[in-house]
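Visitor: Quick one: the structure is below, questions incoming.
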Amino acid sequence: MITINNKNLEYKLVAVSNNEKNKNICDKAGSVTFISESKTYFLVIKKDSMSYLRQLKLGLSDFIKQIKGNTNIDFKSIIELIKDIKEEIIFNVICDVILFETHNFVTYKKDVKNNQYIVNIDCSNEMQGLLEENILKNKYVNYARDLQDFPPNIGTSDFYGKKLLSDASKIEGLKVKVLKNKELKDLEMNLVLAVNQGSNHEANVVVMEYNNNPNGEKVALVGKGICFDTGGYDLKSTMFIEGMKFDMTGAAIVMSIAMALAEAKAKINFVAIGLFTDNKIGQKAVLPESIIRSKNGLTVEINNTDAEGRLVLADGITYAIREKNVDVIYDIATLTGATAMALGESASGVFTEFDEMWNKLSAASKYTTERFWRLPIFEEHKEQVQNDSVLADLTNSCNKGPGGSTAAAFLTFFAENKKFLHIDCSRVVRVGLKGQGYIVKTMFEMLKK
């Protein structure tokens, strides 16, 4: 729990630049030392190769792991050491770390101790509104983390369809429905159905719609929700199948952004589409080299059944355009190993031909301190998506080249000249086998305005 100006607490945390006050303080940048005599945690923030904000994040994370009771954070001592960054951003980072680290995450262990301590930020009462917004925003960061963390035998497409329908229906003004295979067939969303063919669960396409800006543009948020990705007949090896329950992260993020915006009563019109299905192997699973006609009429040659994410996204994008008349499209997906290799856990890859869309996202990311890096979609990438197919309009997997860019190029054929931005977040959204709820904060900040 976070409060402000509740000073009468047993412990305190103070930021220092060195160990002059007590030689027992570890002098390493970003380290936290607890001195029991004074009931004080000392967080070292100093000039170092590590950035000030990273020192703050790592130090606060360590502090929460060793917290002994209700603690007051001396905000003034922190801002005096981090002078080149806005106080508002520093306050946000403190809230982010505390709310992240104290969240009661999904677990199936018998004995788990939950952190119930109060952490007070000693700062101006003017920060109260910002605190409330941070609590709301991080509520849905943690909601996305929980969606990510459900094990695949529980977190099926049916499970997510039911859960999201139930949870989202409680938010005022947010309309929600779930499209299953019969409705998807009627809508000619054949690419989604092709991916779903090998599953023992129907696809669940969760559609959340919110309208709170008369005469404003309508935004689409489209998320890849592959609940478990075996690769289909192009079966993944043991090395690459680990963590494939996280292949539904794009949809988890999109659904969480939508719920956060609606609960915040943001002045926006949006439709959020979470495309939940498995990509499994079996007698009915789609075969390599199959030709499938997409919702927008283009035929796709499935040269790799493990390139399934772009298939469900393609139909999701077309649904947003043709059924919901959107003006702007953002999609979020754990899409390619190529982007993961390029950026690792450091940043999400962003692909767009619209500079203004990138500029808005980049500006919001500087406020939230989440990282994004723009990568190209060149004409030759689009040409390759067409030319590498033998029998269809497009291939879902090019023979060679930059896989992140050709995947993004494939999606542009379904954007129908709408403003379009694609986020490929394959590695940044989890640490080991724990979801991070990444991207929710940045998209919330960008779209709420």
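The values are calculated or read from the model by the stated rules, or taken from the named source; none is laboratory data. Every value quoted in this text rests on a predicted model; they were computed, and no experiment measured them. Cβ: placed from backbone, ideal geometry, glycine included. Neighbour counts: every protein chain shown. Protein only, heavy atoms only, side chains kept; ligands, DNA and RNA dropped before computing areas. Shrake-Rupley method; radii C 1.70, N 1.55, O 1.52, S 1.80 Å.
Visitor: For labels at Thr299 and Asn115 in the simple 7 Å Cα→Cβ model, what's the distance in nm?
Guide: 5.7
Visitor: Quick one, can you get me the convex hull of the C-alpha atoms of the chain expressed as volume per residue in Å³?
Guide: On the way: hull volume 68.8 nm³, N = 449.
Dividing the Cα hull volume of the chain by its residue count gives 153 Å³.
Visitor: Further, regarding this structure: Treating only the Cβ of Lys, Arg, Asp and Glu as charged (+1, +1, -1, -1), what charge dipole size does the chain show about its Cα centre? Round to the nearest 20 debye.
Guide: Working: 56 positive and 56 negative charges, 237 e Å.
For the chain, the charge dipole is close to 1140 debye.
Visitor: Probe 1.4 Å, all protein chains in place: accessible area of Phe42 in Å², nearest 10?
Guide: 20
Visitor: Using all C-alpha to C-alpha distances in the range 8-153, build P(r) with 5 Å bins and read off the rounded percent in each one.
Guide: 2, 9, 18, 21, 20, 14, 9, 5, 2, 0, 0
Visitor: To the nearest 20 debye, what charge dipole does the range 339-449 have about its Cα centre, counting +1 at the Cβ of each Lys and Arg and -1 at the Cβ of each Asp and Glu? The partial results should precede the final answer.
Guide: Values: 14 positive and 13 negative charges, 146 e Å.
For this selection, approximately 700 debye.
Visitor: Still on this model: Going down the table (Lys65/Lys175; Lys185/Lys360; Lys7/Lys139; Lys47/Lys441; Lys28/Lys137; Lys182/Lys280), which pairs top 30 Å between alpha carbons? Write down the numbers at each step before the final one.
Guide: Working: Lys65/Lys175 39 Å; Lys185/Lys360 36 Å; Lys7/Lys139 25 Å; Lys47/Lys441 28 Å; Lys28/Lys137 32 Å; Lys182/Lys280 20 Å.
Violating the 30 Å limit, Cα to Cα: Lys65/Lys175; Lys185/Lys360; Lys28/Lys137.
Visitor: Could you point to the residue in Leu165, Gly223, Val205 farthest towards the positive end of the range 147-223's charge dipole, with +1 and -1 charges on the Cβ of Lys/Arg and Asp/Glu respectively?
Guide: Checking the options against the dipole of the range 147-223, the answer is Leu165.
Visitor: Would you mind telling me which residue in Val119, Val97, Val431 has the biggest mean-square fluctuation in a Gaussian network model of the chain, where springs connect alpha carbons within a distance under 10 angstrom?
Guide: Per the Cα network of the chain with a 10 Å cutoff, Val431 tops the list.
Visitor: Another question about this same structure. Give, in nm to one decimal, the length gained when the segment between Leu391 and Glu289 is fully stretched (0.36 nm per residue of separation minus the Cα-Cα distance). It would help to have the intermediate numbers written out before the result.
Guide: Details: separation 102, 0.36 × 102 = 36.72 nm, distance 0.92 nm.
Gain on extension, Leu391 to Glu289, equals 35.8 nm.
Visitor: Debye sum, Cα scatterers, the range 356-449, no solvent: what log₁₀ I/I(0) at q = 0.10, 0.13, 0.15, 0.17 1/Å?
Guide: Computed log10 I(q)/I(0) values: -0.35, -0.57, -0.72, -0.86.
Visitor: Moving to a separate point now. Counting only protein heavy atoms, what percent of the accessible surface of the range 32-74 is carbon or sulfur at a 1.4 Å probe?
Guide: Values: 940 of 1950 Å².
The nonpolar share, carbon plus sulfur, comes to 48 percent.
Visitor: Oh, and also: Under a point-charge model restricted to the Cβ atoms of Lys and Arg (+1) and Asp and Glu (-1), what is the dipole moment magnitude of the range 1-145 relative to its Cα centre, in debye to the nearest 20? Please list the in-between numbers first.
Guide: Details: 21 positive and 18 negative charges, 106 e Å.
I would put it at about 500 debye.
Visitor: Per-residue counts of other Cβ atoms within 10 Å, averaged by peptide: what ranking do you get for 120-132, 70-82, highest first? Display every interim value, and only then the final one.
Guide: Numbers: 120-132: 15.3, 70-82: 19.3.
The peptides rank, most packed first, as 70-82, 120-132.
Visitor: In what sequence, highest mean first, do 358-367, 401-410 appear when ranked by Cβ atoms within 10 angstrom? Write down the numbers at each step before the final one.
Guide: Details: 358-367: 16.3, 401-410: 25.1.
My ranking of the peptides, most packed first, is 401-410, 358-367.
Visitor: Might you tell me the accessible area per residue for the range 41-101, computed with a 1.4 Å probe and given in Å²? The partial results should precede the final answer.
Guide: Numbers: 2700 Å² over 61 residues.
Averaged over the residues of the range 41-101, the accessible area is 44 Å².
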